[in-house]
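Structure, as structure tokens:
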């Protein structure tokens with residue numbers, strides 16, 4: 001049996017929403033000393049994982065680095081142009097969230113290896 005989806009009602013985006021998304025949006029180009037909580041990281045990941053990608057393959061991979069030792073191990077593996085900025089970033093002192101990757105097509109989560 002074939003079902004038909006209900007028509008989508010589009011709500012117009014107001015001027016403040018358009019400004020936030022298109023004319024006032026800026027890319028952060030520096031790091032802050034302010035710690036990022038596990039909840040904030042989880043919220044950011046939840047938004048990022050739904051972003052469109054080439055062929056919907058989701059090539060984004062995340063590594064949460066919380067210690068100076070972890071950062072020292074990571075920096076040598078980075079692109080030459082990113083090393084200095086990454087080395088200057090402060091580590092966040094809280095414990096990392098559980099790292100998972102999720103397929104949008106299946107909705108299944110896979111736990112990253114420990």
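Per-structure values
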| item | result |
| --- | --- |
| Qualifying positions in segment 52-75 - more than 20 Å from residue 90 (Cβ to Cβ) and surrounded by fewer than 11 Cβ atoms within 10 Å (Cβ to Cβ) | 52, 54, 55, 56, 57, 59, 61 |
| Condition check for residue 16: exposed (fewer than 10 other Cβ atoms within 10 Å of the Cβ), assigned to a helix (DSSP H, G or I) and on the phi > 0 side of the Ramachandran plot | no |
| Cβ-Cβ under 6 Å pairs, at least 6 apart or on other chains, segment 61-82 side over 26 Å from residue 47 (Cβ atoms), far side assigned to a helix (DSSP H, G or I) and modelled with pLDDT of 90 or more | 75/83 |
| Residue list for segment 35-51, filter: surrounded by 12 or more Cβ atoms within 10 Å (Cβ to Cβ), in a helix (DSSP H, G or I) and either within 8 Å of the chain's Cα centre (by Cα) or at pLDDT below 90 (or both) | 38, 41, 44, 45 |
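The values are calculated or read from the model by the stated rules, or taken from the named source; none is laboratory data. Given the structure is predicted, the values throughout are model-derived calculations rather than measurements. Reconstructed Cβ throughout: ideal geometry from the backbone, glycine too, with neighbour counts over all protein chains shown.
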